[in-house]
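The values are calculated or read from the model by the stated rules, or taken from the named source; none is laboratory data. From a predicted model like this one, the values you see are computed outputs, not experimental measurements. Here the Cβ positions follow ideal geometry from the backbone for every residue, glycine too, while neighbour counts run over all protein chains shown. The accessibility values were calculated without ligands, DNA or RNA, using every heavy atom of the protein model including side chains. Shrake-Rupley method; radii C 1.70, N 1.55, O 1.52, S 1.80 Å.
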Amino acid sequence: MDAPILADFVRCGPTDRLLEIGTGCGIIALILFRKRRFQSLLALEIQPELAALANRNIRLNRAARRLAIRAGDARDPALLAGQAPFDVVFANPPYRSLGRGKLNPDTQKAIARHELRLTPPELMGVAQARLRPDGRLFLVHLPERVPELVKIAGDFGFELRQRRLVFSRPESPAPKLALLRFERGPAGAEVLPPLYIYSDEKQYSTEFELMISSTH
């Protein structure tokens, strides 16, 4: 559910240039291609196999006129050398720091789930270097790590501007995910209404249905 939720949370305009850090198979970029207006989107992927899969998915969806995939490490300044600053950076980064939770024996899954190749400070550093002064950074992450992320973001000049918690159901005691929007400038976070994935045991909520709809 992370991909459609984050894609829905990202805000951009027709002249905006977008950068995704860690695209995986390219799913979020493709959702944005179908549902948002923007000038271009460059998606980075550190794992060559996933970058190749993302490129294939973009070709199959005939999205290459606005989407591009680049294989490499986002932390490497040479990867984006000569690129103008971006209006929007977004990421669905690894949720677990090393030492927390069991490390998956599959290297591809381990890199996606644990901070083996990208830590929060490194992510914020890339965003700081690549965003325009008035640019926006959008993330989806674990609710329990929000205070840590806000502190790290502050070290790089970003302030939390919007937060939205994601719950399985209205009666769920704790959120599953947090959507975060960071910008430079004075602090002041807007707390958006919660998002519920299900309205009951078996039925998606109307809002989530719209998020996963191909026509919304």
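Starting from the eigenvalues of the Cα gyration tensor, five times each then square-rooted, give me the equivalent ellipsoid semi-axes of the chain, largest first, whole Å.
After scaling each eigenvalue by five and taking roots: 24, 21, 19 Å.
Residue separation times 0.36 nm, minus the C-alpha to C-alpha distance between Gln83 and Glu201: what's the value?
37.8 nm
Would you rank Thr23, Thr206, Thr119 by solvent-accessible area, highest first, keeping every protein chain in place and using a 1.4 Å probe?
Numbers: Thr23 10, Thr206 110, Thr119 45 Å².
Of Thr23, Thr206, Thr119, the descending order of accessible area is Thr206, Thr119, Thr23.
What's the magnitude of the charge dipole for the chain around its Cα centre, counting Lys and Arg as +1 and Asp and Glu as -1 at the beta-carbon? Answer in Debye, nearest 20. Each step should come with its number before you reach the end.
Details: 32 positive and 24 negative charges, 109 e Å.
Charge dipole of the chain: 520 debye, to the nearest 20.
With viscosity set to 1.567 mPa s at 4 °C, what whole-number translational diffusion coefficient in µm²/s follows for the range 111-216 from Stokes-Einstein and a Kirkwood radius over Cα pairs? Could you put the intermediate results ahead of the total?
Values: Rh = 15.3 Å.
Roughly 85 µm²/s, to the nearest whole number.
For the chain, what is the calculated [θ] at 222 nm in deg cm²/dmol (nearest 500), taking -39500 (n - 2.57) for each run of four or more DSSP H residues and dividing by its residue count?
Mean residue ellipticity, 222 nm, calculated: -8500 deg cm²/dmol.
Using r as the Cβ-Cβ distance of Glu190 and Asp155, and R0 as 30 Å, what FRET efficiency do you calculate, to the nearest 0.05?
My answer for the efficiency is 0.85.
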